[in-house]
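Reading through the structure tokens given below for one structure.
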Protein chains: 4
Amino acid sequence: MKAARIVRPKEPLQVQDLETPKPKGSQVLVKVLASGVCHSDIHLWEGGYEGPEGQFLKTTDRGVKYPVTPGHEIAGSIEAISEESQSLFAKGDKVLVYPWVGEGTCPACRIGEENLCDKPRSLGIYVDGGYADHVLVPSYRYLVKIGDEDEEVDNLGINEAATLSCSALTAYNAVKNANLRPDDNLVVVGAGGLGLMAMQLAKAVTGAKIIAMDLEDEKLKQARKDGHADYTVNSKKEDPVKTVMELTDKMGADAVIDFVNASKTVETDMQILRRRAKVVLVGLYGGELKLNLVTMPTRAYRLIGSYTGSLSDLTELVSLAKRKIIKPLVSDRFKLDQATEALSKLKEGKIMGRGVINP
Amino acid sequence: MKAARIVRPKEPLQVQDLETPKPKGSQVLVKVLASGVCHSDIHLWEGGYEGPEGQFLKTTDRGVKYPVTPGHEIAGSIEAISEESQSLFAKGDKVLVYPWVGEGTCPACRIGEENLCDKPRSLGIYVDGGYADHVLVPSYRYLVKIGDEDEEVDNLGINEAATLSCSALTAYNAVKNANLRPDDNLVVVGAGGLGLMAMQLAKAVTGAKIIAMDLEDEKLKQARKDGHADYTVNSKKEDPVKTVMELTDKMGADAVIDFVNASKTVETDMQILRRRAKVVLVGLYGGELKLNLVTMPTRAYRLIGSYTGSLSDLTELVSLAKRKIIKPLVSDRFKLDQATEALSKLKEGKIMGRGVINP
Amino acid sequence: MKAARIVRPKEPLQVQDLETPKPKGSQVLVKVLASGVCHSDIHLWEGGYEGPEGQFLKTTDRGVKYPVTPGHEIAGSIEAISEESQSLFAKGDKVLVYPWVGEGTCPACRIGEENLCDKPRSLGIYVDGGYADHVLVPSYRYLVKIGDEDEEVDNLGINEAATLSCSALTAYNAVKNANLRPDDNLVVVGAGGLGLMAMQLAKAVTGAKIIAMDLEDEKLKQARKDGHADYTVNSKKEDPVKTVMELTDKMGADAVIDFVNASKTVETDMQILRRRAKVVLVGLYGGELKLNLVTMPTRAYRLIGSYTGSLSDLTELVSLAKRKIIKPLVSDRFKLDQATEALSKLKEGKIMGRGVINP
Amino acid sequence: MKAARIVRPKEPLQVQDLETPKPKGSQVLVKVLASGVCHSDIHLWEGGYEGPEGQFLKTTDRGVKYPVTPGHEIAGSIEAISEESQSLFAKGDKVLVYPWVGEGTCPACRIGEENLCDKPRSLGIYVDGGYADHVLVPSYRYLVKIGDEDEEVDNLGINEAATLSCSALTAYNAVKNANLRPDDNLVVVGAGGLGLMAMQLAKAVTGAKIIAMDLEDEKLKQARKDGHADYTVNSKKEDPVKTVMELTDKMGADAVIDFVNASKTVETDMQILRRRAKVVLVGLYGGELKLNLVTMPTRAYRLIGSYTGSLSDLTELVSLAKRKIIKPLVSDRFKLDQATEALSKLKEGKIMGRGVINP
């Protein structure tokens, strides 16, 4: 099999010939049809990311070992299957792979929240992933069937499907963590891919009023166009605090989902909150917040860190996407030997929706 | 009627003769038998408290008007009752007053969380309270019956009852917000009145393992003595981070309830957390926390501000206290004309349990 | 003031001249602009309803006293207001009245679920209601503001608003009790007014797949037309069990909401359930179910009785209706002196949507 | 390896020599130290059980294949382990086996509720279980570590441990399903092994008041002795409805957990309910209930079928048992060749606590 691998951080990825693994026990070999290109792949490629006070947080300190095959948004078809799962899956089945594999016995894993495992074994990060023509999935349990062998993955393209397992899943978990009611005012900070998907999802399953906030009119226009944002705020052009207070009858937002999560955005978040409000922190931009501690109890605020979603959440997303209630947006397609180009383009901000590799 | 009132901040309280109010509509006149003396009464007396960066946050800016009668932990007997509530209460009934009255139509009030109302009308803060021989309660709905006229408030002294409506209620809501499971490790920061009550409550209704943390051995001894804390940590004498990590098999705490909520304690809190852990912030000590934003999503942490409890919570507390499952501790008793002395003594840290005024 | 009253069960209603009440304490006098005509008003008019084994269950045994003014779906404008609520409401404000008033101190009332109070004081049942030009509301807390004095009740007609407080509220609470996820299959039994509203609501806030079941093609057509039902089943023409099993990949429904709740419908419900499924019982048709007890634990089924909704739910409904996310259907309008005619017409099944009295 | 197997229903079990399986993939071979003898083993032995209207429901119709090795309450030590799990477990580790294995991809399995799987693969029922000296566990994920190799299973005997995975787990899940608050009145019907454990658990983690109901004074005495029941009712000697109404101030119970679940007990349950009350149905006695359908919505009752518990629940139980907060009761011990005797004795009602086989 062929795989585009990061051999050493910061160097171009190498397409290597590897031995195709043979699935044992409950493992499954999946032929990769589409593998999404995610911002966090850039951190993996660069060997780490900027932490607070200019520190560089190395991926190897978190357990990553190079060479590694990136790619955690994987859709494909079953190539080889163990006896154990034959009543559930057949060779050729179109499947989505849940990449957030946990070690299996921590409290999070025990309730199906492997995305929050104490010792994660995620595909495409700690274990070889989807920038390859094949991927070994540790158990059939991590598969979500999206179509039969001869199916065109009904109503849901294979590329679009791939993006559900990280981009949409992170947005969905954030929306769930906001725990919205129909008369809530929700502010979504950052109208990029995740923010737009969060608005689609909030519209589909909560009934809340949505205020989109971003620095770019183009993105806000997109948010409005699909009818997902009820209101938009360009925080570069107008005072975001004043505008949100006006839009909420001076009460403030009931919830904010921040897909940037930088010092500056969260400082603003804290000024637009109604009593009892939640701030769901999702973005990995980072930095520090000077948090006024006394306001936490007196105003009954909640700051909620939100990190991708569970396998159960993914199943729900597949259901919504198949019925076109949500529509993932794939804008760029690459071949396997263009993996370096894909990551570079993403890093330079030149991919508007989501990029996907078709090996 | 007589009331010990704050006429002007920082001056001694004056015992004034006021006209005894006549209850109209759903109002009830309660004869005060015991009124707890709370730390927040000191803020009311001083006209405000220290905010971040040395600012003085004035109570008048939050809507307090002087003169005002303090006292929000009120137990007494019904003196006069309206027609509307005669099927529910009788003259002479022993009652506990829920002081966290809301305006009634905000989302919090609509679900019975008046403690988190957008525009609170709390007794003893915005409206005259219990440092008096009588208090006017805005509706019979805010009463919890604790005994009949001729009863000795079965199993629950009237002074102990009074302390349930703020001290114990705040502890209880914090325990509820921690949402504990029996195999969770809970760290309680601050083993004073609230912390000890929180340990009693966590023991009674969660099954979690409890680690008490404080600077004073005396308090930790108390925490252990009642069998409520499984372990104790003196953070002055030992490294709290190292000790908690050892006590939790290097995993960290599943939840921390911080009854101090100062920069220093919360900085420590953030270093002893297991992935997915919650920090419940209760104390009003204040200051700032430099919060590392990226760890919030990657570690899936939750910071939860927790402010007193609901009327429903209070009903549950009364049930637990009547059955001696929890035991509020009253250490000092004062007369109405000793109100200034009571507040001074509390401010100087000379009240070990809870002080109560018996008018 | 004038009111159309049931003086004695089964006799025509009498329009009587009554003294207009003067609001005391927290009471509010509301000028009635629209009052919905509900099936349960017929029970009140007939003095009871058929129970199991042919017994007649009398309303007077449940605490109803005649004469009484029916009408619990009330929209109007504030005519007179007490001092207590002047910061929240103004004379002339358009309001919706929450009629499910509780006695205020039972566990249900303490958490804002007055609809489930131990000793209800509901308007239009135990206390005079909205078949009148004025109604006395026991507290401003039971009002939901829907517009200013001079407003046309923006985007939401006054007649449509009225129907939210029982018809839509019952449907909403049922949907909430079904606790649906986006990949759930929901069967709605009965595509009348409540069923259609439940489908609208389930579509708006859950993402679940909806199967409508009824005996009449006309109603099923309506369910499909609005795009709220994904599938429909005419249980007179096709085998409902077989059809639902086919529509759900032989797994069965994850939830059923039964707006009929008769022996026959619930017997069918029990045969179309997936393991872990819920049956939400709402209708008042009645009868008996022979429940196989052992299947309850082995299949982990839940039968959930669902009775109207809370004041908080009503606030959410108003928000959804104002934004046209749900659209209540009013089909017939009556004057106050046509109250008897309205009830007769409803009883004979001649009102297709909802009838409303405009006094 | 040796195993006591049911070769044909109703015949004595045969101790057979089988080939010891070699664990592949994520499988683990566990040396059985203790295997509990459960009432449901009798159904397996008899080939089925009595359904409603005298039908005999055959186990083979539910997917059981004979010969089969019973035993689903298994505690033992790890004998052989796969590479995959070596960082989590070591040979010799004392473990408890979670037997309620699911197929892994249904909605229940996805959230860690494999006990409620659509297509269960439970050990000791569909797959060979613990009446043997060794058992093959399908994945290390189903193990809960209870001690190191050389440990005496600290504070928790190996026999007691075994009973946690069905008897205590079923009781625990029932208590969780009752969702109790400290001021709730809980009636536990059936003070046998499960009922007594449910009372211990309700005491430990809910604070509710407990009323035990049984036909035998001896069992009620036991319930009272441990201080777990606050009150007891002998429903043979006194009118259970009248007594419960008196004990609950005429309000009725907030929740009933019925460990018998026969027509007669559930008929009584339905007469002692407060509005909004839950009846948790656990027992497998069976029969039919004539359910009055209209009271379900008007009284807002909930009937909840409860079937054993999740792996996460089991982890919590182990934590409680290790700290002696709950104390499982083992009364009888057998050797492997006494399996038939053990089942016979249980069937005849001669085992008072729990019987355990030590191979």
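So what is the relative contact order of chain B, in percent, for Cα pairs below 8 Å that sit 6 or more residues apart? Could you put the intermediate results ahead of the total?
Values: 829 pairs, mean separation 68.4, N = 359.
Contact order relative to length: 19 percent.
Label points for A:P21 are taken 7 Å from Cα along Cα→Cβ. From this copy to the others they lie 2.3, 7.1, 7.2 nm apart, shortest first.
Against the compact-protein benchmark of 2.2 N^0.38 Å, the Cα-based radius of gyration of the protein assembly as shown scales to 0.92.
Whole-Hz Karplus values for region B:5-12 come out as 10, 8, 7, 9, x, 6, 8, x Hz, taken residue by residue from phi with 6.51 cos²θ - 1.76 cosθ + 1.60 and θ = phi - 60°; glycine and proline positions read x. Surface composition of region A:169-305: carbon plus sulfur atoms contribute 47% of the solvent-accessible area (1.4 Å probe, protein chains only, all chains present).
Per-residue ellipticity at 222 nm for the protein assembly as shown, helices alone: DSSP H runs ≥ 4 residues times -39500 (n - 2.57), over residue total, nearest 500 deg cm²/dmol? Let's see the in-between values first.
On the way: 44 runs with 364 residues, N = 1436.
Value at 222 nm, helices only: -7000 deg cm²/dmol.
Normalised by 2.2 N^0.38 Å, where N is the number of residues, the C-alpha radius of gyration of region D:169-305 stands at 0.93.
Of the heavy-atom accessible surface of region C:56-149 (probe 1.4 angstrom), what whole percent is carbon and sulfur?
Values: 1530 of 3110 Å².
Carbon plus sulfur share of accessible area: 49 percent.
Please determine, in degrees from 0 to 90 and to the nearest 10, the orientation of helix C:311-322 with respect to the longest principal axis defined by the Cα atoms of chain C, where the helix direction is its Cα long axis. The angle comes out near 90 degrees.
Counting only protein chains, not ligands or nucleic acids, how are C:Y285, B:Y66 ordered by accessible area (probe 1.4 Å), most first?
Result of the area sort, largest leading: C:Y285, B:Y66.
Considering only B:K322, B:K209, B:K242, the Gaussian network model of chain B with Cα springs below 10 Å gives its largest mean-square fluctuation to B:K242. When chain D is treated as a GNM with alpha-carbon contacts under 10 Å, the residue of D:G349, D:G47, D:G147 showing the greatest mean-square fluctuation is D:G349.
For chain B, the Cβ-based charge dipole about the Cα centre amounts to some 700 debye (Lys, Arg positive; Asp, Glu negative; other atoms uncharged).
Sorted by mean Cβ packing within 10 Å, highest first, what order do the peptides A:14-21, C:125-132 take? Before the final figure, lay out the partial values.
Working: A:14-21: 13.0, C:125-132: 24.9.
Going by the mean number of other Cβ atoms within 10 Å, highest first, we get C:125-132, A:14-21.
Centroid-to-centroid, using Cα positions, region D:1-69 and region C:291-359 are 51 Å apart.
Normalising the average separation of contacting C-alpha pairs (under 8 angstrom, six or more residues apart) by the number of residues puts the relative contact order of region A:169-305 at 23 percent. Whole-Hz Karplus values for region D:272-285 come out as 10, 9, 6, 4, 6, 6, 10, 10, 9, 9, 10, x, 10, 4 Hz, taken residue by residue from phi with 6.51 cos²θ - 1.76 cosθ + 1.60 and θ = phi - 60°; glycine and proline positions read x. Each copy carries a label point for D:E348 at 7 Å from Cα along the beta-carbon vector; from one copy to the others these points are 7.4, 7.8, 8.6 nm apart, nearest first. Based on the Kirkwood radius over alpha-carbon pairs, what value in µm²/s does the Stokes-Einstein equation return for the translational diffusion coefficient of region D:17-57 at 4 °C and 1.567 mPa s? For these conditions, the coefficient is 94 µm²/s.
Distance from the C-alpha centroid of region C:116-131 to that of region D:158-191: 39 Å, rounded to the whole angstrom. Computed over region A:1-103, the convex hull of the alpha-carbon atoms projects to a mean area of 7.8 nm².
Cross-link pairs exceeding 22 Å between alpha carbons, from the set B:K225/B:K324; B:K145/B:K324; A:K119/D:K31; B:K94/B:K324: A:K119/D:K31.
Converting phi to 3J(HN,Hα) with the Karplus coefficients 6.51, -1.76 and 1.60 and the offset θ = phi - 60°, region D:33-38 yields 9, 8, 9, x, 10, 10 Hz in sequence order, with x at every glycine or proline.
Take D:E246, move 7 Å from Cα toward the beta carbon, and the resulting point lies 5.7, 6.0, 7.0 nm from the same point in each other copy, nearest first.
For region B:108-237, how big is the tail of P(r) above 20 Å, as a whole percent of Cα pairs? Pairs farther apart than 20 Å: 57 percent. Of all chain B C-beta atoms, the nearest to the rotation axis linking B with D is recorded, alongside its rounded Å distance, as B:V205, 3. The percentage of C-alpha pairs in region D:28-159 whose separation is greater than 22 Å is 42%.
Per residue, how many Å² of accessible area does the protein assembly as shown show with a 1.4 Å probe? Intermediate values should be presented prior to the final figure.
On the way: 54670 Å² over 1436 residues.
Dividing the accessible area of the protein assembly as shown by its residue count gives 38 Å².
Amide H contacts of A:D184 (H built 1.01 Å from N, in plane; Pro and chain starts excluded): A:K209 sit under 5 Å, all sequence-distant by 5 or more or on other chains. Between the Cα long axis of helix C:169-178 and the first principal axis of chain C there is an angle of about 30°, rounded to the nearest 10. Annotation for the A:B interface, with buried accessible surface near 3900 Å², both sides summed [1.4 Å probe; non-protein components not counted].
Rank these by accessible area, largest first, 1.4 Å probe: C:L281, B:L116. Please report the intermediate quantities before stating the final value.
On the way: C:L281 0, B:L116 20 Å².
If we order C:L281, B:L116 from most to least accessible, we get B:L116, C:L281.
Between B:K22, B:K145, B:K219, find the one with the highest GNM mean-square fluctuation for chain B; connect C-alpha pairs within less than 10 Å. Highest fluctuation of the listed residues: B:K22. With q set to 0.12 Å⁻¹, the log10 of I(q)/I(0) for chain A, from the Debye formula over equal scatterers at the Cα positions, is -0.88.
For the residue pairs A:K322/C:K209; B:K176/B:K203; A:K176/A:K236; C:K176/C:K209; C:K10/C:K65, the C-alpha atoms sit more than 18 angstrom apart in A:K176/A:K236. With a 10 Å cut-off around each Cβ of D:262-271, the average count of Cβ atoms from other chains is 1. For peptide A:305-315, the mean count of partner chain Cβ atoms within 10 Å of a residue's Cβ comes to 5.
Averaged across A:106-118, how many Cβ atoms of other chains sit within 10 Å of each residue's Cβ atom? The partial results should precede the final answer.
Details: counts 6, 11, 6, 4, 12, 9, 10, 4, 1, 1, 4, 2, 5.
The per-residue average across the peptide is 6.
Taken about its Cα centre, the protein assembly as shown carries a charge dipole of roughly 0 debye when the Cβ of each Lys and Arg holds +1 and the Cβ of each Asp and Glu holds -1.
The values are calculated or read from the model by the stated rules, or taken from the named source; none is laboratory data. Note that the coordinates shown come from a computational prediction; the quantities given were computed from them, not determined experimentally. Positions of Cβ are generated from backbone atoms using ideal geometry, with glycine treated the same way; all protein chains shown enter the neighbour counts. Side chains included, ligands, DNA and RNA excluded: accessible areas come from the protein's heavy atoms. Shrake-Rupley method; radii C 1.70, N 1.55, O 1.52, S 1.80 Å.
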